[in-house]
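Engineer: Structure below; questions to follow.
Quick note: the coordinates plus some simple rules give every number you see, no bench work behind them. Source: prediction; values computed, not measured. Methodologically, a virtual Cβ is constructed for each residue, glycine included, from the backbone with ideal geometry; neighbour enumeration extends over all protein chains shown.
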Amino acid sequence: MPSRRRILVTGASRGIGAAISRRLLTEGCEVVGIARDFTDWDETEERFMPIALDLADLDKLPHQLGEIARLHPAIDGLVLNAGYGRFGSLEEFSYRQIVEMVNMNLLQHLFVARAFLPHIKQHGFGDLVIIGSEAALAGGRRGAVYSACKFALRGFAQSLRQETANSGLRVSLINPGMVDTGFFDELEFAPGQEPSQHLRPSDIADALWTVLSAPAGTVFDEIVLNPLHKVIQFKKRP
Ligand code: NAP
């Protein structure tokens, strides 16, 4: 592997993706970050290359991703992280909202992987790390659509892991429990605020770096991490 890796991180502007990007920069990597809006990103590090893109716009995505792959042939790792939460009973989702969630929390990840795999395979090594969720492992009340996406991502990761091993490409899935990020800003609930009641974005960045820094022949197929205590706080309605 090269001493300086170039990693693409989706959802790099905030939350888990921002923590992962900062950690990769600290470790000496170059980071190509994708999100819609980087105005909150305060780093001036020149090894961070932000690209403003709406990953939910699937019609435009293949062409846009192809351009990024052409501009950054050195990319040898993907962190598929961007996503959002919407929870409720199935009947509370409109058909449009179901499509939007599947596009964003499942299909765009497949598109990004599809666009970059041929390029990464040419290196003869590489990493594809998917940020799944505890919702990839067990369905829960009001989580049917979100869990459907995350379960599917797990199947995708397991299959792709078999498919790409002979190309030197490692595929890993990281499934966090509740992480204290803006993910919950628009939701009716959030994790407890005591330190043992939520993960920090840096915890996921640590797990990511564990995956990437393993010897080339070693794969962390799946990492599950959770706060010591699972506490869900429901917000008061105004
Ligand atoms: P977050 O703080 O809300 O960050 C979400 C990121 O995704 C932002 O960078 C956002 O950037 C980007 N994003 C959202 N929609 C996008 C779009 N249409 N196009 C491009 N980028 C888009 O959430 P987070 O907690 O870091 O979540 C990151 C991932 O972790 C998600 O896949 C989530 O399912 C998973 N996860 C989160 C938790 C948790 O408890 N927080 C637990 C398990 C798994 P812009 O808004 O600038 O586009």
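Engineer: Which percent of Cα-Cα pairs in the range 114-155 sits in each 10 Å bin, short to long?
Structural biologist: 27, 34, 25, 13, 1
Engineer: A further question on this structure: With only Lys, Arg, Asp and Glu charged, each at its Cβ (+1 for the first two, -1 for the last two), find how big the charge dipole of the range 6-234 is about the Cα centre; round to the nearest 20 debye.
Structural biologist: 620 debye
Engineer: Still on this model: Taking each pair of different alpha-carbon atoms in the range 1-123 once, compute 1/r for the pair, average those values, and report the inverse of that mean as the Kirkwood hydrodynamic radius in Å to one decimal.
Structural biologist: For the range 1-123, inverting the mean 1/r across all distinct Cα pairs yields 15.2 Å.
Engineer: Calculate I(q)/I(0) for the chain by the Debye formula, one identical point scatterer on each C-alpha and no solvent, and give its log10 at q = 0.11 Å⁻¹ to two decimals.
Structural biologist: -0.54
Engineer: Could you derive backbone 3J(HN,Hα) for the range 3-14 from the dihedral phi with the Karplus parameters 6.51, -1.76 and 1.60 (θ = phi - 60°), listing whole Hz in sequence and x where the residue is Gly or Pro?
Structural biologist: Rounded to whole hertz, the list is 5, 10, 9, 10, 10, 8, 10, 8, x, 7, 7, 8.
Engineer: Could you check what % of the DSSP bridge pairs in the range 6-234 are antiparallel, to the nearest 5?
Structural biologist: 10 percent
Engineer: What do you get for the angle between helix 61-71 and the principal long axis of the chain? Use alpha-carbon atoms, 0 to 90 degrees, nearest ten.
Structural biologist: With rounding to tens, the tilt is 40 degrees.
Engineer: Please report the orientation-averaged projected area of the range 46-93, defined via the convex hull of its C-alpha atoms, in nm².
Structural biologist: Result: 5.2 nm².
Engineer: With each run of n ≥ 4 DSSP H residues scored as -39500 (n - 2.57), what mean residue ellipticity at 222 nm is computed for the chain after dividing by its residue count and rounding to the nearest 500 deg cm²/dmol?
Structural biologist: -10500 deg cm²/dmol
Engineer: Extending each Cα 7 Å along its Cβ direction at Leu187 and Leu71, get the distance between those two points in nm, one decimal.
Structural biologist: Computed distance between label sites Leu187 and Leu71 equals 3.2 nm.
Engineer: Taking amide H positions as placed in the peptide plane 1.01 Å from N, state which residues far from Val9 in sequence (5 or more) or on other chains have amide H under 5 Å from it.
Structural biologist: Val32, Gly33, Ile34, Val79
Engineer: From the phi angles alone, apply the Karplus equation (6.51, -1.76, 1.60; θ = phi - 60°) to the range 88-105 and give each ³J(HN,Hα) in whole Hz, x where the residue is Gly or Pro.
Structural biologist: x, 5, 4, 5, 7, 8, 6, 4, 4, 5, 5, 4, 4, 5, 5, 4, 7, 8
Engineer: Now for a separate question. Which length gain, in nm to one decimal place, applies between Val224 and Leu90 when the Cα-Cα distance is subtracted from 0.36 nm times their residue separation?
Structural biologist: Once the chain is fully extended between Val224 and Leu90, it gains 45.6 nm.
Engineer: Calculate the dipole size of the range 87-173 relative to its Cα centre from +1 charges on Lys and Arg beta carbons and -1 charges on Asp and Glu beta carbons; express the result in debye to the nearest 20. Write out the running numbers ahead of the final one.
Structural biologist: On the way: 9 positive and 6 negative charges, 32 e Å.
Rounded to the nearest 20 debye, it is 160 debye.
Engineer: Give me the aspartates and glutamates in straight-line cross-link reach of Lys150: C-alpha distance below 13 Å, same-chain residues under 8 apart excluded.
Structural biologist: Of all the aspartates and glutamates, those that pass the test against Lys150 - Cα under 13 Å, at least 8 places apart if same chain - are Glu134.
Engineer: Let me ask another. Add +1 for every Lys or Arg and -1 for every Asp or Glu among the other residues with Cβ under 11 Å from the Cβ of Trp41, and state the total.
Structural biologist: Charge balance near Trp41 sits at -3.
Engineer: Continuing with this model, one more query. Please give the length that would be gained between Ala144 and Ser167 if that part of the chain were fully extended, namely 0.36 nm times their separation in residues minus their C-alpha to C-alpha distance (nm, one decimal).
Structural biologist: Separation in residues times 0.36 nm, less the Cα-Cα distance, equals 4.8 nm.
Engineer: If you don't mind, there's one more thing I want to ask. Could you work out how far apart the two model spin labels at Gln97 and Gln122 are, taking each label as a point 7 Å from the Cα in the direction of the beta carbon, and quote it in nm?
Structural biologist: Those two pseudo-labels are separated by 4.4 nm.
Engineer: Another one. Considering only DSSP states other than H, G, I, E and B, which GluC sites (Glu not before Pro) in the range 138-196 qualify as loop sites with at most 14 other Cβ atoms within 10 Å?
Structural biologist: Filter output for the range 138-196: Glu186, Glu188.
Engineer: With θ taken as phi - 60° and the coefficients 6.51, -1.76 and 1.60, list the Karplus ³J(HN,Hα) couplings across the range 47-56 in order, rounded to whole Hz; mark glycine and proline as x.
Structural biologist: After applying 6.51 cos²θ - 1.76 cosθ + 1.60, I find 7, 9, 10, x, 10, 7, 7, 8, 5, 7 Hz.
Engineer: As an exercise, identify the GluC sites (Glu not before Pro) in the range 1-57 lying in DSSP coil whose Cβ has no more than 11 other Cβ atoms within 10 Å.
Structural biologist: Here the GluC sites (Glu not before Pro) that fit, given the DSSP loop and packing criteria, are Glu46.
Engineer: Once amide H atoms are placed 1.01 Å from N in the peptide plane, what residues at a sequence separation of 5 or more from Leu225, or on another chain, have their amide H within under 5 Å of its amide H?
Structural biologist: Asn175, Gly177
Engineer: Between Ser213 and Asp59, what is the label-point separation in nm under the 7 Å Cα-to-beta-carbon projection?
Structural biologist: Placing both labels 7 Å along Cα→Cβ, they lie 4.5 nm apart.
Engineer: Something else now. Could you compute the net charge surrounding Ala138? Neighbours are other residues with a C-beta less than 13 Å from the C-beta of Ala138; K and R count +1, D and E count -1.
Structural biologist: Once all neighbours under 13 Å are counted, the net charge is +3.
Engineer: So which trypsin sites (Lys or Arg not before Pro) in the range 124-173 end up in coil per DSSP with only 16 or fewer other C-beta atoms within 10 Å? Kindly include the intermediate steps, with their values, before the conclusion.
Structural biologist: Numbers: sites: Arg141, Arg142, Lys150, Arg154, Arg161, Arg170; in loops: Arg141, Arg142.
Taking the range 124-173 and a limit of 16 other Cβ atoms within 10 Å, the loop trypsin sites (Lys or Arg not before Pro) found are Arg141, Arg142.
Engineer: For Gln233 and Asp42 in one chain, what is 0.36 nm times their gap in residues minus the Cα-Cα distance, to one decimal in nm? Walk me through the numbers on the way to the answer.
Structural biologist: On the way: separation 191, 0.36 × 191 = 68.76 nm, distance 3.01 nm.
Once the chain is fully extended between Gln233 and Asp42, it gains 65.8 nm.
Engineer: How charged is the neighbourhood of Glu92? Take every other residue with its Cβ under 10 Å from the Cβ of Glu92, and add Lys/Arg as +1 and Asp/Glu as -1.
Structural biologist: Working: positive: Arg86, Arg142; negative: Glu91.
Residues near Glu92 contribute +1 overall.
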